[in-house]
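Participant: The structure follows.
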Amino acid sequence: MKITVLNGSPRKENTSAMVDAFVEGAQEAGHEVEVIQVGKMKIAGCMGCEYCHTKGEGQCIQKDDFEKVLPAYKDCDMVVFASPIYYFTLTAQMEAAIQRVYCIGKPTKATKAAMLLSSGSPGVYDGAVAQYKGYMAFAGIEDAGVITANGDENKSEAKLAEVREFAKNL
């Protein structure tokens, strides 16, 4: 299975341990994994201009780093959204990367998705999880699961082992 991991963290330390553990487990199980660092990209939000659906033939009128993400959305069998939680939601970069897939409607081949969330505090995930689950239901993509970690748990061996096992069992 070809898995694309979209890492929404603009800072390496936020979700890197969880993403690395996921990649390790998935590769150990024989999956091909590509990590795209959307948190470090310049991706504008969707403007709702409808160019993609009227004249652009699925291409967005905006020319920015989303052009590096779109091929992965089109080609992956599974997409994993990894993001720290900033003020009760995903990072702005991850939000933009999700919104901009509007130009094709949904990942073209993906049949599964998962979410990895990290934060400094417990109990801050509900908004991000609801958004993710709503989008997966709309797109007809199976939710393989959501893993959250907060505080010291973010880099604990127990949590990283959980993430590795999750990825191995996809």
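Participant: Please work out if residue 125 is free of Cβ contacts under 8 Å to residues at least 60 places away in the same chain, more than 15 Å from the chain's Cα centre (by Cα) and over 18 Å from residue 156 (Cα atoms). Reasoning before the result, please.
Facilitator: Values: free of Cβ contacts under 8 Å to residues at least 60 places away in the same chain: yes; more than 15 Å from the chain's Cα centre (by Cα): no; over 18 Å from residue 156 (Cα atoms): yes.
Answer is no for this residue.
Participant: Show the residue pairs meeting these rules: Cβ distance below 8 Å; 6+ apart or different chains; first residue within segment 2-26 and under 20 Å from residue 132 (Cβ atoms); second residue of a type in the set (Phe, Trp, Tyr) and modelled with pLDDT under 95.
Facilitator: 4/73
Participant: Related question: Has segment 149-160 got any residue that is assigned to a strand (DSSP E or B), farther than 20 Å from residue 97 by Cα and within 16 Å of the chain's Cα centre (by Cα)?
Facilitator: Going residue by residue through segment 149-160, those that are assigned to a strand (DSSP E or B) are 149-150.
Still in the running and farther than 20 Å from residue 97 by Cα: 149-150.
Among the residues that remain, those that are also within 16 Å of the chain's Cα centre (by Cα) are: 149.
For segment 149-160, residues assigned to a strand (DSSP E or B), farther than 20 Å from residue 97 by Cα and within 16 Å of the chain's Cα centre (by Cα): present.
Participant: I need every pair where a residue in segment 30-55 that is assigned to a loop (DSSP other than H, G, I, E, B) has its Cβ under 6 Å from the Cβ of a residue that is surrounded by 14 or more Cβ atoms within 10 Å (Cβ to Cβ) and of a type in the set (Lys, Arg), sequence separation at least 6 or different chains.
Facilitator: Here the result reads 46/100, each pair linking segment 30-55 to a residue that is surrounded by 14 or more Cβ atoms within 10 Å (Cβ to Cβ) and of a type in the set (Lys, Arg).
Participant: Can you give me the number of residues within segment 1-38 that are farther than 19 Å from residue 78 by Cα and not hydroxyl-bearing (Ser, Thr, Tyr)?
Facilitator: So the count comes out to 6.
Per-residue answers, yes or no, for (1) assigned to a helix (DSSP H, G or I); (2) under 20 Å from residue 25 (Cβ atoms); (3) touching a residue at least 12 places away in the same chain (Cβ under 8 Å); (4) not aromatic (Phe, Trp, Tyr):
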position: 81; (1), (2), (3), (4): no, yes, yes, no
position: 94; (1), (2), (3), (4): yes, no, yes, yes
position: 107; (1), (2), (3), (4): no, no, yes, yes
position: 137; (1), (2), (3), (4): yes, no, no, yes
position: 147; (1), (2), (3), (4): no, yes, yes, yes
position: 164; (1), (2), (3), (4): yes, yes, yes, yes
position: 167; (1), (2), (3), (4): yes, yes, yes, yes
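Participant: Inside segment 1-19, can you point out the residues that are outside any helix (DSSP H, G or I) and either at pLDDT below 95 or buried (at least 18 other Cβ atoms within 10 Å of the Cβ) (or both)?
Facilitator: The first filter runs over segment 1-19 and keeps only residues outside any helix (DSSP H, G or I), leaving 1-11.
If the condition is that a residue be outside any helix (DSSP H, G or I) and either at pLDDT below 95 or buried (at least 18 other Cβ atoms within 10 Å of the Cβ) (or both), then 3, 4, 5, 6, 7, 8, 9, 10, 11 are the ones that fit.
Okay, residues lined up against (1) of a type in the set (A, V, I, L, M, F, W, C); (2) surrounded by fewer than 23 Cβ atoms within 10 Å (Cβ to Cβ):
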site: 21; (1), (2): yes, no
site: 28; (1), (2): no, yes
site: 35; (1), (2): yes, yes
site: 46; (1), (2): yes, yes
site: 57; (1), (2): no, yes
site: 69; (1), (2): yes, yes
site: 73; (1), (2): no, no
site: 79; (1), (2): yes, no
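The values are calculated or read from the model by the stated rules, or taken from the named source; none is laboratory data. Note that the structure is predicted; figures quoted are calculated from it, not measured. Heads up, the Cβs are rebuilt from the backbone with ideal geometry, glycines too, and the neighbour counts pull from every protein chain shown.
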